[in-house]
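A short reminder: the numbers here are calculations on the coordinates, not readings from a lab. Bear in mind that the values here come from a model prediction, so they are computed numbers and not experimental data. A quick note on method: Cβ atoms are made from the backbone with ideal geometry, for glycine too, and the neighbour counts reach across all protein chains shown.
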């Protein structure tokens, strides 16, 4: 699985939400829950464990000459509603 994100955005997200987009990649290494966040552009939310805490990440599925990859948009510590959704799904 390949990932892409804007480095400046990752620093901003880390400062604002306490988790960088680089760190958020860990979510995809374990059990995680995915749902669709928006249609235009098509974005998804993954909820899973990152740095020892439950987090959420918004991503887009993109394609290039090497195939499919995930473009990470933003991330944050999971809300109580997201924690409940994760618990009910896993």
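Data for the structure
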item: DSSP beta bridge pairing in the chain, given as percent antiparallel to the nearest 5; result: 90
item: Distance between modelled label sites at residue 43 and residue 90, nm, 7 Å Cα→Cβ extension; result: 2.3
item: Inter-site label distance for residue 11 and residue 60 at 7 Å from Cα along Cβ, in nm; result: 2.3
item: MRE, 222 nm, helices only [DSSP H, n ≥ 4, -39500 (n - 2.57), over the chain, to nearest 500]; result: -7500 deg cm²/dmol
item: Peptide ranges 69-79, 7-17, 22-32 listed from the most packed, as the mean C-beta count within 10 angstrom indicates; result: 69-79, 22-32, 7-17
item: Evaluated over the range 3-89, the Cα radius of gyration and Dmax, each in Å; result: 12.5, 39
